[in-house]
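These notes concern the structure reproduced below.
Read-outs: derived from the displayed coordinates by stated rules, not from any lab. Not measured: the values here are computed from a predicted model. For neighbour counting, all protein chains shown are included, and Cβ atoms are generated from backbone atoms with ideal geometry for every residue, glycine included.
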Amino acid sequence: MKPVIALVGRPNVGKSTLFNRMTKSRDAIVADFAGLTRDRHYGQGRQGKHEYIVIDTGGFEPDATSGIFKEMAKQTRQAVAEADVVLFVVDVRLGLSAQDHEIAGYLRRLGKPAMLVGNKAEGMKDGGQLAEFYELGLGEVFPVSAAHGQGIRTMIDMALEKLPWLNQDEDAEPEEDESVIKLAVAGRPNVGKSTLINTWLGEERLVAFDMAGTTRDAIAVPFEKSGQKFQLIDTAGLRRKGRVFEAIEKFSVVKTLQAIEGANVVLLLLDATQGVTDQDAHIAGYILESGRAVVLAVNKWDALDDYGRQMLERSIELRLSFLKFAPLHFISAKKRQGLGPLWTSMTQAHKSALCKMPTPVLTRVLLESVQYQTPKKIGPYRPKLRYAHQGGMNPPVIVIHGNSLEHITDAYKRFLEGRFRKEFNLIGTPLRIEFKTSH
Ligand code: GDP
Ligand code: GDP
């Protein structure tokens, strides 16, 4: 399980700047997709072998209007509750404030691992300014500069060191069985997640099988469908009760993120009767950001008339355009309609994510594409594409080598993506194309 780091502190100390620093590695995938909601409070990052989730409480400031931090705002409290370690950010240029004392008091009472981070410390000659922060009773303040990227790596290491379980867990983890597709059913409350899962587990006579490391009451449910093994992973917002799943009242983005991260394939459910909501778009954005294979299903299709269906298809096209690569299904979990093709898509998506693309084939497709349509000349530059190789899997990355490649247009990149997708029959996985120009 990935550790969760929450950033708290009063407004303007630099939390969102720090958030961006800590989640930078992940932005690469997302940058390629236009139309993705970028209003993020939750992000993912990686340092060395450790991946983590970061929550920025910047958007939900503790009672910013009255200036009183007596009780942290509900959202912030929830973020802190969900965190494994809290980074309390202060502004070393402005010094201590009453608000800082109140936040510190709150964190001390909570007794959760916390670290005091002094931001805006670039160019500070001595530690004199830092001394006053001892008063907060949270130990030494660790100086960083979020804006200039100073001290961030060490800060993350120190934060993760507060979680002794991190390294132990890894050794204990059983070998992964790659033939099993780990499946997360994601979606906001009431879209029909538990109905669908219970339909699967109850009516479709899925064969349960024994798998090392799963216990009877674990959430993970292994089953087999048409010869393919699946494992339903701890699905956000659901709890297992005996043989059936039940929705729990509180929706948690962190749980959703952890479920997505633990999966190979994510089935994102939408509710036909509600259209595409902001929350749907957010969850879709997190899935995209994770790079996981994804299949979309609009549930409660039975409840719409033809006009409603048309409207909905249109709004999916518009609002979830960044998930165009995901197969789209229209289903009714309750009436058991349209469920069969889901399995085919989920299996295909998994296969696509792990697709191996040999250099000769990639290069052939590349050169054929160029022959079919040469990239436009931009000013004096005409990009020259020479060869391609695979730079990664899950999601697949294709690296294209050549000259003047910085002048490749987005439209041309999409054209290439389409050609590669067709050649390798890639369905339901993001595909990332990178250009490497040699001079
Ligand atoms: P938040 O309200 O806590 O999320 O703070 P922001 O991240 O929005 O930053 C508030 C202001 O502080 C912005 O103008 C940032 O550019 C600035 N800032 C953030 N980090 C640093 C830093 O390391 N040094 C300096 N000098 N300014 C910073
Ligand atoms: P969850 O919170 O995502 O697990 O959603 P539930 O499975 O609890 O379903 C929420 C509500 O939607 C329940 O009242 C279900 O009966 C209803 N529902 C689920 N699937 C369908 C469907 O295919 N069609 C219709 N009309 N209602 C459904």
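Points to keep in mind about this one:
- Taking amide hydrogens as placed 1.01 Å from N in the peptide plane, the amide H of GLN150 sits under 5 Å from those of SER145, each at least 5 positions away in sequence or on another chain.
- Reachable lysines from LYS120, criterion Cα separation under 27 angstrom, eight or more residues apart if same chain: LYS15, LYS24, LYS70, LYS112, LYS162
- Residues of type lysines that LYS229 reaches as a straight line, Cα spacing below 19 Å, ignoring anything fewer than 8 places off in the same chain: LYS182, LYS351
- Distance between the stretch 280-327 and the stretch 370-439 - C-alpha centres, whole angstrom: 27 Å
- Peptide packing: for 313-325, 262-274, 11-23, the average count of neighbouring Cβ atoms within 10 Å per residue gives the ranking 262-274, 11-23, 313-325, highest mean first.
- Take 333-345, 280-292, 418-430 and order them by the average number of nearby Cβ atoms within 10 Å per residue, most first; the result is 280-292, 418-430, 333-345.
- For LYS334, the residues 5 or more places off, or on other chains, whose built amide H falls under 5 Å of its own are LYS300.
- One quarter of the convex hull surface built on the alpha carbon atoms of the stretch 338-439 amounts to 6.9 nm², the projected area averaged over directions.
- In order along the stretch 80-91, the Karplus-derived 3J(HN,Hα) couplings, from 6.51 cos²θ - 1.76 cosθ + 1.60 at θ = phi - 60°, round to 5, 5, 7, 7, 8, 9, 10, 9, 8, 9, 10, 9 Hz, and Gly and Pro are given as x.
- The stretch 288-416 - percent relative contact order, Cα under 8 Å, separation 6 or more: 22 percent
- Potential extension, SER226-GLU135 segment - 0.36 nm per residue separation minus Cα distance: 26.4 nm
- If you take all other residues with their beta carbon under 15 Å from the beta carbon of VAL276, and give Lys and Arg +1 and Asp and Glu -1, the sum is +1.
- The phi torsions of the stretch 416-426, fed into the Karplus equation with coefficients 6.51, -1.76 and 1.60 and a -60° offset, translate into couplings of 4, 4, x, 5, 5, 4, 5, 4, 9, 6, 7 Hz, rounded to whole numbers, with Gly and Pro shown as x.
- Least to most buried among THR76, THR409 (fewest other Cβ within 10 Å first): THR409, THR76
- Evaluated with a Cβ-only charge set (Lys, Arg +1; Asp, Glu -1), the stretch 276-396 carries a dipole of roughly 600 debye about its Cα centre, given to the nearest 20.
- In terms of distances greater than 30 angstrom between alpha carbons, the cross-link table entries LYS255/LYS334; LYS193/LYS413; LYS2/LYS436; LYS335/LYS422 yield LYS193/LYS413; LYS2/LYS436; LYS335/LYS422.
- Here the contact order of the stretch 114-162, divided by its residue count and restricted to Cα pairs under 8 Å and six or more residues apart, works out to 42 percent.
- Two-site label geometry, MET158 and TYR387: point separation in nm, points 7 Å out along Cα→Cβ: 4.7 nm
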